[in-house]
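Step one of this worksheet: look at the structure below.
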Amino acid sequence: MVNSIYESPIFNIADSQYQRACEWLNLPQDVIERTRLPKRSLVVQVPVRMDDGSVKSFEGYRVQHHLALGPTKGGVRFHPEVTIGETAALAMWMSWKCSLAGLPYGGAKGGVACNPLTMSEGEMERLTRRYTQELIPFIGPSMDIPAPDVGTSEKHMAWMLDTYSIAVGHCTPGVVTGKPVILGGSVGRKEATGRGVAFLVNRAMDLLKIQAEGATAVIQGFGNVGSHAALTLAASGVKIIAVTDHTGGLHNSDGMDVRALQAHVAEYGGVSGFKSGERLTREELFALECDVLIPAALEAQITGENAAKLRCKILAEAANGPTTAAGDDLLRESDIFLLPDILCNAGGVIVSYFEWVQNMQNFSWSEIEVNDRLYRILEKAFQEVLLFGKRNNLWMRDAALAIGINKVIQAKRARGLYP
Ligand code: NAD
């Protein structure tokens, strides 16, 4: 528990993971405290003219966790349950994820508490632009670079780029990543998180000697990350036997036609009503026997209540913070092979980094080059975590966090303390 404005169930998950890793690293208390809470946070009121002529005010946030290694980097979430505590937890996880992958960034996250499902395109655009306007003194290619997260996409990044560029008086593609390719987005960015998840799942299957052809996977969340993970896994022969999202769930033991499901979601906004498969609840999905379980929706889905019921061989945390501390305690004792979130979903920020580098150089890479570099970085991080875990008898999450946190602490030590 933290005695601060960030105190919340989601922040407590990130904090308990941090405390555990720091204890193992044997860090002095003052060092632990210095890196524990975000460096700075901004809370903004975002007034938006709605289509009916009324004005509605939304609360928005941007949290920058640490500034020791470069500008900060992290997504923007539009969801009704966004809070400053959740945003801070997500910023903290971004810090460890970037340092684990060796990227020159601190972690950040932003969000607005709103419900995109009930807003029109025009309302969404006005909300995004006004939120961006409020953030202008705090973001920029050398300061803090937003990207898409739950409820935001390329479209939102285009509006953010446009709003920021108008304010500063020149086109600034490097202010956001995950934007459309026509505006300087990187090829392969949209698919990168899901592709990275699939790459690491394949590496874990190699390790456990599970053949991809005919292996089974179940996925919670079929948005950007879940759908691209599904498509990439299906391309390597894995059967996607169940999917749930905010509209419902489907189970088909023969495997789904993932492309057709993607087209259905694009048309109807969710998996519900898809032609093949029986209905399935969230709890049934988690309890299904399968080779790979991929939570790719929100935090705190695997808990003390359901962790013991999982029947997967690999748990690939595509979402950020999908497992609570009580869930961790049970998983740690199980035989399930964990791909922890800060490793598993790092593909997104890695290709965001490539996008930013391309923007700074005014140069674009081919998709082959992007994917090749992505897989090299993921492979290196995967091996590093495996080896560190083996050498020190640490569970995969603890090993990944210890590496990521230690790099940030080292950077802070090397810079010293001002004044
Ligand atoms: P998205 O908005 O594209 O998709 C979110 C999905 O979660 C949707 O399918 C939605 O229906 C589903 N969902 C929402 N509430 C749900 C519920 N209660 N039960 C079941 N499903 C529910 O978001 P995304 O970009 O795919 O992000 C998914 C997760 O991956 C998040 O945890 C995000 O932080 C993480 N992540 C995203 C990226 C990225 O590049 N987009 C990178 C790293 C991590």
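The values are calculated or read from the model by the stated rules, or taken from the named source; none is laboratory data. Because the structure is a prediction, the values reported are computed rather than measured. Please note: Cβ atoms are built from the backbone with ideal geometry, for glycine as well, and neighbour counts cover all protein chains shown. These accessible areas exclude ligands, DNA and RNA; they are computed on the full protein's heavy atoms, side chains included. Shrake-Rupley method; radii C 1.70, N 1.55, O 1.52, S 1.80 Å.
Observations, loosely collected:
- Residues (charged (D, E, K, R) and either outside any helix (DSSP H, G or I) or in contact (Cβ under 8 Å) with a residue 60 or more places away in the chain (or both)) located in segment 166-216: Lys179, Arg189, Arg195, Arg203, Lys209, Glu213
Yes/no per residue for (1) under 18 Å from Asp341 (Cβ atoms); (2) open to solvent by less than 30 Å² (accessible area, probe 1.4 Å); (3) of a type in the set (S, T, N, Q); (4) at pLDDT 95 or above:
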position	(1), (2), (3), (4)
Thr163	no, yes, yes, yes
Cys171	no, no, no, yes
Arg195	yes, no, no, yes
Asn224	yes, no, yes, yes
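- Unique residue being away from the ligand (no atom under 16 Å from the Cβ), open to solvent by 40 Å² or more (accessible area, probe 1.4 Å), part of a helix (DSSP H, G or I) and touching a strand residue (DSSP E or B) at 6+ places or on another chain (Cβ under 7 Å) when the list is Glu125, Glu134: Glu134
- Residues in segment 360-380 include none that are open to solvent by less than 40 Å² (accessible area, probe 1.4 Å) and either among the small types (Gly, Ala, Ser) or under 17 Å from Gln220 (Cβ atoms) (or both).
- One residue from Ala147, Ala108, Ala91, Ala158 being within 16 Å of the ligand (Cβ to nearest atom) and either open to solvent by 10 Å² or more (accessible area, probe 1.4 Å) or of a type in the set (Asp, Glu) (or both): Ala158
- In segment 217-254, the residues that are away from the ligand (no atom under 12 Å from the Cβ), under 14 Å from Leu285 (Cα atoms) and not in a strand (DSSP E or B): Asn252, Ser253
- Helices (runs of 4 or more DSSP H) contained entirely in segment 322-419, each with at least 2 residues that are in contact with a Ser or Thr (Cβ under 7 Å, 6 or more places away or on another chain) and either among the basic types (Lys, Arg) or over 23 Å from Ala297 (Cβ atoms) (or both): 347-361, 396-415
- Residue-level check: of (1) open to solvent by 20 Å² or more (accessible area, probe 1.4 Å); (2) free of Cβ contacts under 8 Å to residues at least 60 places away in the same chain; (3) more than 16 Å from the ligand (Cβ to nearest atom), Ser142 misses just (2).
Per-residue answers, yes or no, for (1) over 14 Å from Ile405 (Cβ atoms); (2) in a loop (DSSP other than H, G, I, E, B); (3) open to solvent by less than 10 Å² (accessible area, probe 1.4 Å):
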position: Glu23; (1), (2), (3): no, no, no
position: Ser41; (1), (2), (3): yes, no, no
position: Gln45; (1), (2), (3): yes, no, no
position: Val63; (1), (2), (3): yes, no, yes
position: Leu67; (1), (2), (3): yes, yes, no
position: Phe78; (1), (2), (3): yes, no, yes
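- Selection within segment 386-419 - within 20 Å of Tyr105 (Cβ to Cβ) and of a type in the set (Lys, Arg): Lys407, Lys412, Arg413, Arg415
- Among the residues making up segment 266-279, a single one is of a type in the set (A, V, I, L, M, F, W, C), open to solvent by less than 30 Å² (accessible area, probe 1.4 Å) and either away from the ligand (no atom under 14 Å from the Cβ) or under 25 Å from the mean Cα position of the chain (by Cα) (or both): Val271.
- Test for Leu100: is it open to solvent by less than 10 Å² (accessible area, probe 1.4 Å), under 22 Å from Arg376 (Cα atoms) and under 15 Å from the mean Cα position of the chain (by Cα): yes
- Test: residue in segment 52-60 that is under 26 Å from Cys344 (Cα atoms) and either hydrophobic (A, V, I, L, M, F, W, C) or outside any helix (DSSP H, G or I) (or both): no
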